[in-house]
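The values are calculated or read from the model by the stated rules, or taken from the named source; none is laboratory data. These figures come from a predicted structure and were not determined experimentally. Please note: Cβ atoms are built from the backbone with ideal geometry, for glycine as well, and neighbour counts cover all protein chains shown. Side chains included, ligands, DNA and RNA excluded: accessible areas come from the protein's heavy atoms. Shrake-Rupley method; radii C 1.70, N 1.55, O 1.52, S 1.80 Å.
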Amino acid sequence: MSGAFAAMQKRFDVFGVLIIAFVTAVGGGTIRDILLDKPVFWTKDIFICGVIFLSTIAAIFIKSIEKNFKVTLFLFDSIGLGLFTIIGIQKGLQADLHPIICITLGTITGCFGGIIRDILLNRIPLIFRKEIYATACIVGGAFFILLEKYSSFTLSFSQISTILVIVIIRTLSLKYHWKMPKIR
């Protein structure tokens, strides 16, 4: 949905909105799978393409009746960021990679769709200039690794806790205007 809304802000046609939404949704996971030399996940599951299509149509419909969904979009984007980060980390763990590499894969999975979206929209990617985004993935990813390696919590508890950590970091960074230091 964040890709669809970003494309609509640029006044793209329906096809353009769908393409930007698709790239935003699967871009990070595609890069992750290429790095892992695995089949690209969405090419094996038409359901994913259907969900993206229906979400894009819903975003177009929602945009036509309501103009201000910033809080809702932020919340869903943060939850998705947490979920995609966990998926990337788990793919790395399944490949028996070092935990730091797993966190990197989680960050790529969570962030790179948005980077590709912003490049296609001719914008400097948001995570390079404004928000605590990748940092939330890294901190959340480290938290997930610690829970998985050194605790007896269930996988579900670790996943939900990690998503909450990422949502809380993003929310606090927005509320208190936390930013990474800029190089001048």
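Residues of region 5-54 being outside any helix (DSSP H, G or I) and closer than 16 Å to residue 123 by Cβ, which ones? Step through it out loud before you land on a result.
Here is the first cut: in region 5-54, the residues outside any helix (DSSP H, G or I) are 10-13, 36-40, 45.
Once the filter is applied, which keeps residues that are outside any helix (DSSP H, G or I) and closer than 16 Å to residue 123 by Cβ, region 5-54 yields 10, 11, 12.
Residues to consider are 141, 110, 92, 80; find the one that is assigned to a helix (DSSP H, G or I), within 30 Å of residue 20 (Cβ to Cβ), at pLDDT below 95 and not basic (Lys, Arg).
Sole residue among the options that is assigned to a helix (DSSP H, G or I), within 30 Å of residue 20 (Cβ to Cβ), at pLDDT below 95 and not basic (Lys, Arg): 80.
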Select from region 92-129 the residues that are open to solvent by 50 Å² or more (accessible area, probe 1.4 Å), touching an Asp or Glu at 6+ places or on another chain (Cβ under 9 Å) and under 19 Å from residue 166 (Cα atoms) and list them in ascending order.
128
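Pick out the one residue from 22, 5, 74 that is of a type in the set (Phe, Trp, Tyr), under 20 Å from residue 163 (Cβ atoms) and open to solvent by less than 80 Å² (accessible area, probe 1.4 Å).
74
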Would you point out the residue of region 145-168, among those that are open to solvent by less than 90 Å² (accessible area, probe 1.4 Å) and under 16 Å from the mean Cα position of the chain (by Cα), that is farthest from residue 103 (Cα to Cα)?
167
If residue 42 meets every condition in (1) open to solvent by less than 30 Å² (accessible area, probe 1.4 Å); (2) among the hydrophobic types (A, V, I, L, M, F, W, C); (3) under 30 Å from residue 149 (Cβ atoms); (4) touching a Ser or Thr at 6+ places or on another chain (Cβ under 9 Å) apart from one, which number is that one?
(1)
Residues in region 66-77 that are in a loop (DSSP other than H, G, I, E, B) and either of a type in the set (Lys, Arg) or under 16 Å from the mean Cα position of the chain (by Cα) (or both): how many?
1
